[in-house]
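Data first, discussion second: the structure below is written as structure tokens.
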Amino acid sequence: MAREKLEKKERLKIPRQPMPAQKPMDRIKNFSEVALGFSEDLAVLEADRCLECKKPKCVDGCPVGIDIPAFVCKIQEADFEGALAIIKKDNTLPAICGRVCPQEDQCEVVCVTGKKGDPVAIGRLERFVADWEMAQEGEVKMPELPPPSGFKVAVVGSGPAGLACAADLALRGHKVTIYEALHKPGGVLVYGIPEFRLPKKIVQEEIGNLEKLGVEIRCNFVIGKTASVEDLFLDYGFDAVFLGTGAGLPYFMGIPGENYIGVLSANEFLTRVNLMKAFAFPDYDTPVRLGDNVAVVGSGNVAMDCLRTAKRLGAKNVICLYRRTRDESPARLEELEHAEEEAIDFRWLASPVEIYGNDDGLVTGARVQKMELGEPDDSGRRRPVPIEGDQYDIELDQLIMGIGQGPNPLVTKSTEGLELNRWGNIVVSEETMMTSIDGVFAGGDIVTGAATVILAMGAGKKASEGIDSYLKGKATAKTA
Amino acid sequence: MVVRCSDQIGGPDRRLSGGDPVAKIVSIEEIAPAFKRYVVEAPEIARKHQAGQFVIVLIGEHAERVPLTIADNDPEAGTITLVVQEVGKSTMEMGTMKAGDPIQVVGPLGKATHIENFGTCVCIGGGAGIAPMLPIARALKAAGNRIVSILGGRNEGLIILRPEMIEASHEMIYTTDDGSFGRKGVVTDALKTFIEENGKPDLVIAIGPAIMMKFVALMTKDYEIPTVVSLNTIMIDGTGMCGGCRVAVGGDSKFVCVDGPEFDAHEVDFDLMMKRQRIYLEEEEIARKRYLEKHACKAVDGVEVS
């Protein structure tokens with residue numbers, strides 16, 4: 001489509017296009033996706049806002065280095081297929097990342113258009129082209145594969161790190177098998193992130209595309225139990241192993257009353273609802289207990305997911321308890337705003353210190369400590385300090401801990417010789433992502449601690465380069 | 001398609017990867033009222049299973065993840081044996097499956113039993129708890145222990161796996177609630193008599209209903225006999241991810257799925273555990289009733305509704 005390029009001045013006049021979304025009072029009654037996505041016209045209009053900087057800062061802001069101006073430019077030309085081809089060079093899961101990346105802290109925060117006004121909605125544009133492709137008739141175009149290398153790689157965990165690593169390895173001609181402990185692939189994309197934020201159909205399609213690249217996925221297989229990392233080399237004949245097992249160990253606070261019925265981890269709550277479909281009990285066998293008054297401790301993305309899920313399940317009062325303020329909240333801005341629109345009762349500078357229960361062991365409430373911000377801590381954020389004597393009680397039927405996760409020790413503890421740091425995360429070479437064991441690589445939350453989908457994908461991708469060089473080295477050694 | 005076990009274990013090419021994640025039921029047989037024995041083709045699990053470990057089973061897209069103990073394994077044949085008591089909707093529905101049906105099985109999960117030559121071990125199995133006791137008793141016997149098994153049930157018919165347990169033990173003691181077999185009473189009565197007549201054993205292992213394990217623990221604490229119990233709590237993933245299975249052991253929170261299922265009986269807070277086991281009692285009843293209404297005909301053959 002031939003179209004005159006807009007002048008810079010014209011571009012700056014276009015306002016950032018808002019994301020069409022379900023109305024708050026409608027969406028709290030369903031689990032359908034909240035953000036509806038751009039239309040073609042909206043996408044082109046938004047893309048026109050890009051100034052096509054000579055030295056684009058956004059590319060540096062992207063953990064996987066997508067050539068953002070190039071794909072946005074293709075959208076301006078309404079060449080959506082071309083736009084997607086550019087994204088897919090660096091990101092194999094654009095429909096997912098367009099939805100869950102914290103763009104406001106990455107590509108969009110450094111956008112030059114954003115210096116005087118609002119940045120280009122890069123994430124929404126990424127999502128648009130990925131959705132556009134899925135809506136097209138016929139098969140998704142797959143990149144051509146090189147001849148088989150003859151090497152086999154096992155990828156442990158089918159979350160973002162594992163999927164990204166597997167895709168890149170397949171594109172380099174290696175035979176990849178992903179091992180997943182749960183009965184469905186996708187890791188946190190499936191058990192953790194709710195349908196209303198990331199439809200499972202999207203995850204399935206992206207995983208289906210991976211299978212088209214020849215990647216095999218073996219569910220119900222726990223590395224560390226069903227087979228060890230050593231078995232993967234000796235019995236299963238793999239030449240390299242990637243560990244992307246994630247941050248699957250829920251933290252509790254260690255306050256009195258945490259074992260009362262109705263106190264549960266965000267992982268348990270979200271897994272029941274998302275993976276096991278407890279919202280449809282008794283048509284699905286797994287139940288979830290709720291009640292009228294629900295509190296979630298924490299204010300990250302996982303906490304937002306819990307708050308909004310509880311609201312959709314029919315809880316009347318849904319309270320967020322966070323010991324810092326809105327400014328320090330680690331959640332993605334869009335999620336925070338959506339939660340606020342959905343009438344979540346945010347209690348900033350508040351932290352439970354004791355949980356109350358009755359004789360049947362059921363949770364009945366909590367004592368909440370008011371906090372204030374003190375001196376900055378190691379993370380640079382101001383440390384929350386309790387205000388002496390300032391406490392109050394709340395009534396509760398359920399309390400969900402969304403305060404973070406540690407590395408799941410199932411693989412690390414069962415693998416001798418694997419070097420860990422003092423938090424139990426795997427230590428890797430920054431350059432190659434190889435662990436202390438030859439041929440064993442790692443990336444994602446199991447290395448960095450709980451972070452984001454895109455950082456895990458970036459790590460998986462980086463590890464695939466390390467693995468590829470390692471295998472090439474092996475091939476050279478063989479022929480020499 | 002299920003990957004043939006011969007392709008996977010001991011065959012000329014032991015290299016394997018992938019295959020369909022779905023395992024297959026080889027046989028189902030009723031061994032007592034509302035107790036069924038399943039032989040399941042799951043070669044990797046059969047090869048790795050050690051006494052004390054368990055699996056999680058899913059019987060369909062709508063199903064919940066049910067933790068089940070492993071009663072036996074045959075690494076050569078690539079099969080594991082599950083003994084399941086039909087108590088709720090999921091186990092009843094599982095009981096209607098047929099040989100050849102696909103089933104999802106993941107494991108072996110949890111820590112294996114610590115096996116060494118302790119001396120004399122009293123193995124107490126109550127009801128469905130006899131099934132996981134079998135591989136433990138066998139392993140302890142193989143390590144040179146003298147095995148005294150105390151098996152308890154409501155009546156004679158519910159003392160399952162007797163021939164297998166006799167083979168795994170040096171001495172058998174039975175108790176039934178109605179006195180229809182062995183001694184009338186509960187397993188703790190039999191344990192007390194055994195200790196009074198024979199002195200203290202070196203180890204007691206108890207697996208069964210929480211209330212039984214609680215009273216065994218109380219008794220052996222008085223006698224200062226080291227005691228191990230295997231806990232069966234509500235869980236989802238079985239890999240330490242959800243924390244739903246947590247119990248208080250020695251004042252600390254422990255996950256049954258990865259830290260257990262076996263713990264020092266004298267450190268377990270059984271009262272809390274029993275409360276936590278009842279979290280979804282209401283929902284379990286809804287599901288059970290709904291299932292029985294839908295499948296009224298199937299309830300007649302075999303499933304006893306109390």
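The values are calculated or read from the model by the stated rules, or taken from the named source; none is laboratory data. Model, not experiment: these values are computed from the prediction. Using ideal geometry, Cβ is built from the backbone for each residue, glycine included, and neighbour counts are taken over all protein chains shown.
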Legend entry - Filter result for B:THR220 (in a helix (DSSP H, G or I) and either on the phi > 0 side of the Ramachandran plot or among the hydroxyl-bearing types (Ser, Thr, Tyr) (or both)): yes
Inset, instruction - Starting from the range A:222-238, keep only residues that are facing chain B (nearest Cβ under 9 Å) and closer than 19 Å to A:GLU180 by Cβ, then list their pairs with residues that are assigned to a helix (DSSP H, G or I) and of a type in the set (Asp, Glu) whose Cβ atoms are within a distance under 8 Å, requiring at least 6 positions of separation or different chains. - result: A:THR226/B:GLU44; A:ALA227/B:GLU44
Legend entry - Qualifying residue in the range A:245-260 (condition: at the interface with chain B (Cβ under 9 Å from one of its Cβ atoms), under 23 Å from A:VAL190 (Cα atoms) and charged (D, E, K, R)): no
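Helices (runs of 4 or more DSSP H) wholly in the range A:41-124 with at least 1 residues that are under 18 Å from A:GLU7 (Cα atoms) - which ones? Before the answer, list the steps.
Values: elements: A:57-61, A:68-76, A:80-90, A:94-100, A:113-116.
Per the criteria, A:68-76, A:113-116.
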Inset, instruction - Tell me which residues, restricted to the range A:192-216, are within 30 Å of B:LYS111 (Cα to Cα) and either surrounded by fewer than 21 Cβ atoms within 10 Å (Cβ to Cβ) or at pLDDT 95 or above (or both). - result: A:GLU216
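Yes/no per residue for (1) modelled with pLDDT of 95 or more; (2) within 30 Å of B:MET219 (Cβ to Cβ); (3) crowded, with 20+ Cβ neighbours inside 10 Å; (4) within 13 Å of chain A (Cβ to nearest Cβ):
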position	(1), (2), (3), (4)
B:GLY19	no, no, no, yes
B:ALA23	no, no, yes, yes
B:VAL55	yes, no, yes, yes
B:THR96	no, no, no, no
B:ASP101	no, no, no, no
B:GLY107	no, no, yes, yes
B:GLY110	yes, yes, yes, yes
B:ILE115	yes, yes, no, no
B:VAL122	yes, yes, yes, no
Legend entry - Filter result for B:ALA63 (at pLDDT below 95, within 22 Å of A:ASN220 (Cα to Cα) and within 11 Å of another protein chain (Cβ to nearest Cβ)): yes
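Let me confirm something: among A:LYS116, A:LYS54, A:LYS74, A:LYS89, which residue is over 29 Å from A:VAL318 (Cα atoms) and free of Cβ contacts under 8 Å to residues at least 12 places away in the same chain? Spell out how you get there, then give the answer.
Working: A:LYS116 fails: free of Cβ contacts under 8 Å to residues at least 12 places away in the same chain; A:LYS74 fails: free of Cβ contacts under 8 Å to residues at least 12 places away in the same chain; A:LYS89 fails: free of Cβ contacts under 8 Å to residues at least 12 places away in the same chain.
After applying the criteria, what remains is A:LYS54.
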Inset, instruction - Counting only residues that are out of contact with any Gly (no Cβ under 8 Å at 6 or more places or on another chain), more than 25 Å from A:GLY248 (Cβ to Cβ) and free of Cβ contacts under 8 Å to residues at least 12 places away in the same chain, give me the strands (runs of 3 or more DSSP E) lying completely in the range A:354-440 with at least 1 of them. - result: A:363-376, A:382-395
Legend entry - the range B:223-251: number of residues that are crowded, with 24+ Cβ neighbours inside 10 Å, within 14 Å of chain A (Cβ to nearest Cβ) and not in a loop (DSSP other than H, G, I, E, B): 2
Inset, instruction - Take the range B:74-91 and flag every residue that is within 13 Å of chain A (Cβ to nearest Cβ) and of a type in the set (Val, Ile, Thr). - result: B:ILE80, B:THR91
Inset, instruction - Determine, yes or no, whether B:ALA210 is of a type outside the set (Phe, Trp, Tyr), touching a strand residue (DSSP E or B) at 6+ places or on another chain (Cβ under 7 Å), within 21 Å of B:ALA51 (Cα to Cα) and touching a residue at least 12 places away in the same chain (Cβ under 8 Å). - result: no
Inset, instruction - Residues being part of a loop (DSSP other than H, G, I, E, B) and either closer than 24 Å to B:VAL229 by Cα or β-branched (Val, Ile, Thr) (or both): count how many of those fall in the range B:24-33. - result: 0
Inset, instruction - Please work out which one of (1) over 20 Å from B:GLY129 (Cα atoms); (2) more than 10 Å from chain A (Cβ to nearest Cβ); (3) in a helix (DSSP H, G or I) is the condition B:LYS289 fails and give its number. - result: (2)
